[in-house]
Every structure is written in C-alpha cells, then in structure tokens.
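Enquirer: Structure provided below as structure tokens; questions to follow.
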Amino acid sequence: MPFERFTKDARATVLAARHEARAAGAATIEAEHLLLALAARPEFASLGLDREALADALAREEEQSLEAVGVSAAELGAPPAGRTPRDPQLSTSAKLALHRAVAAASKRGERHLHAGHVLLGVLAAQHGRVPRALGIAGIDAGELRARI
C-alpha cells in the first residue's frame, strides 16, 4: 500500500497499530489494532472512543467467539510464548480497512488521508472482530461514521 497520501497523523496511527500488535504478541497488524490505536488518539475521545473500553470489548469478543465453538478461554490459557516478528506486517483486515480509508477520502474529494479517514475505513467493516467488539462496547458504527 502506498503511504505517500497518508498525512502525519494517519502514518502515526499505523505505527501505533504496529505497537498495539507487538504488545499483544500478534504476528500481524489487524483491524482491531488500528481501532485501538485510533481510540488512543485524543481527538476521537469526544466521539466516545475509549481505548480501554474497546480493549475490554475485544477481550470479551474473543471469549464469546471461543465459547461459540465450545472452547473456554479459561481452559485454553495464554498462548504459548513464541517469537513475534519485530515489525508485524499489515494483515488482510488492516489492508482492507486502509483501502476503505482511501475510498472514503476519495469520496469526500480529499487527496490526503487523515486519521479520521482511517477510522472511517475501520468502521466500514461489516464482519469480523471490530464490528462485534463495537457492538459489545455499545458503539453504533453507523452513528459514529456520521459524526466523523
């Protein structure tokens, strides 16, 4: 993905998402890491995004998803300690979110991508962990998109 259209705040968001992935021990940067990085940005607090609340919602979403297939998170335990790449790369979910961000900027007639566009791209997901976690957190993605 070419990042030359990304503004400083959009690039900082992707770097913060890489940090979120690394801190979680993930091998790739997922859309939920982008969401957590965006929720940590002060300009989105007024929209009701709270990083800690979303982190809790993502943890509950994981537990519910495991329970749906008959696995108890408590019985599963922590993942084995392994080698995590120093610089996790973008996963398919993160790439899709960023492509949707580019589309959102283009639709608005804006050439450069800001963190708000990245948020729009993340919120546009119809399936996956992000929309389920937003639901658990009581956040209406459509309403949030309208306020951006």
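The values are calculated or read from the model by the stated rules, or taken from the named source; none is laboratory data. Just so we're clear, the structure is a prediction, and the values are computed from it rather than from any experiment. Heads up, the Cβs are rebuilt from the backbone with ideal geometry, glycines too, and the neighbour counts pull from every protein chain shown.
Enquirer: Answer yes or no: is there a residue in segment 36-43 that is touching a His at 6+ places or on another chain (Cβ under 9 Å) and among the charged types (D, E, K, R).
Expert: Scanning segment 36-43, I find no residue that is touching a His at 6+ places or on another chain (Cβ under 9 Å) and among the charged types (D, E, K, R), so the answer is no.
Enquirer: I've got another one for you. Can you name the number of the only condition in (1) surrounded by fewer than 17 Cβ atoms within 10 Å (Cβ to Cβ); (2) in contact with a Ser or Thr (Cβ under 7 Å, 6 or more places away or on another chain); (3) at pLDDT 95 or above; (4) not aliphatic (A, V, I, L, M) that Thr92 fails?
Expert: (2)
Enquirer: Output the residues belonging to segment 25-47 that are among the small types (Gly, Ala, Ser) and either surrounded by 16 or more Cβ atoms within 10 Å (Cβ to Cβ) or within 16 Å of Ala115 (Cβ to Cβ) (or both).
Expert: Scanning segment 25-47 gives Ala26, Ala31, Ala37, Ala39, Ala40, Ala45, Ser46.
Enquirer: May I pose another question? Restricting attention to segment 121-148, and to residues there that are of a type in the set (D, E, K, R) and either touching an Asp or Glu at 6+ places or on another chain (Cβ under 7 Å) or in a helix (DSSP H, G or I) (or both), which single residue is surrounded by the fewest Cβ atoms within 10 Å (Cβ to Cβ)?
Expert: Here the answer is Arg147.
Enquirer: Moving on. Identify all residues within segment 90-99 that are assigned to a helix (DSSP H, G or I), under 17 Å from Ala21 (Cα atoms) and out of contact with any Asp or Glu (no Cβ under 7 Å at 6 or more places or on another chain); write none if there are none.
Expert: Thr92, Lys95, Leu96, Ala97, Leu98
Enquirer: Can I ask one more? How many residues does segment 100-115 hold that are over 17 Å from Leu54 (Cβ atoms) and part of a helix (DSSP H, G or I)?
Expert: 8
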